[in-house]
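No value in this document is a laboratory result; all are computed from the given coordinates. All figures in this text were calculated on a predicted structure; none of them were measured in a lab. In this analysis, Cβ positions are derived from the backbone assuming ideal geometry, glycine residues included, and neighbour counts consider all displayed protein chains.
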Amino acid sequence: MKPTDTKTQILDVAQDLIQRLGANGMSYKDISEAVGIRKASVHTHFPKKDDLLMALLERYSDRFRRVVDSILATDESPETKLRRYCGLYEANLSSSSQDKACLCGMVGAELATLNQPLAEQVCAFYQDNEARLTMMLLEGQQTGDFRFAGEPEALAAVVFASLQGGLLIARAYGGAQKFQSEIEQLMRLVKN
């Protein structure tokens, strides 16, 4: 197996574990068993857990940003764009037999245990998403599709926090159906 293939497998398994269990719930032993390699091989690619977390956060943030940018670039209605954005979060609930949360949300929940560069990476993901949500909301406000009161930036923060927190609550009870009802309430908030 090529080293890059092993590295990608390690990242994929680690991401799955963190999205289900959190960063502190994931170990190199878990990863090595799932990938079928020795624990030392994981350390070869990522000497410290912080190295693995940074690589994961960068990869996840980049992928997420590209998908959101592709949504923003469409000629779809602002409501459709926002629903597609919400769908990115909803997909975590049906991505496997066990519901997952956003990687950056799960790592961010453990912010107190992170080093400064990791905390900054998580915060950058949050800020980046709020900025893109602001663009969607502003577009909807300008077209008249959205009639919310207040500033788009403030509502973007509410929408983002609701999606992140909503995933955690939906995992605890209700699953995808609970999350879908939360999204519908968000859409009513934005449109009125």
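Shape annotation for segment 56-191: C-alpha extents along the principal axes are 43, 33, 26 Å, from largest to smallest. Modelled label positions at residue 169 and residue 147, each set 7 Å beyond Cα in the direction of Cβ, lie 2.6 nm from each other.
Anisotropy class assigned to segment 89-168 is oblate, per the alpha carbon gyration tensor with a/c at or over the 1.5 cut-off and a/b no larger than b/c. Packing, taken as the mean count of other beta carbons within 10 Å per residue, orders the peptides 21-30, 7-16 from highest to lowest as 7-16, 21-30.
Using only alpha carbon pairs under 8 Å that are at least six residues apart, calculate the relative contact order of segment 66-131 and give it in whole percent. Spell out each step's value before the answer.
Numbers: 21 pairs, mean separation 11.8, N = 66.
That works out to 18 percent.
Annotation: extensible slack from residue 113 through residue 94 equals 4.0 nm (criterion: 0.36 nm per residue apart, minus Cα-Cα distance).
What is the calculated FRET efficiency for residue 8 to residue 158, with r their C-beta to C-beta distance and R₀ = 22 Å, to the nearest 0.05? After rounding to 0.05, the efficiency reads 0.05.
Between the helical axis of 3-21 and the longest alpha-carbon principal axis of the chain there is an angle of about 60 degrees.
From helices alone, the chain scores -24500 deg cm²/dmol at 222 nm; the rule is -39500 (n - 2.57) for each run of n ≥ 4 DSSP H residues, then divide by the residue total.
Relative contact order of segment 1-112, taken over Cα pairs closer than 8 Å and 6 or more residues apart, is 33 percent. Rounded to the nearest 10 degrees, the angle from helix 175-191 to the longest Cα principal axis of the chain is 40 degrees. For segment 56-191, relative contact order (Cα pairs under 8 Å, six or more residues apart, normalised by length) works out to 31 percent.
Tally Lys and Arg at +1 and Asp and Glu at -1 over the other residues with C-beta under 15 Å from the C-beta of residue 112: what net charge comes out?
-3
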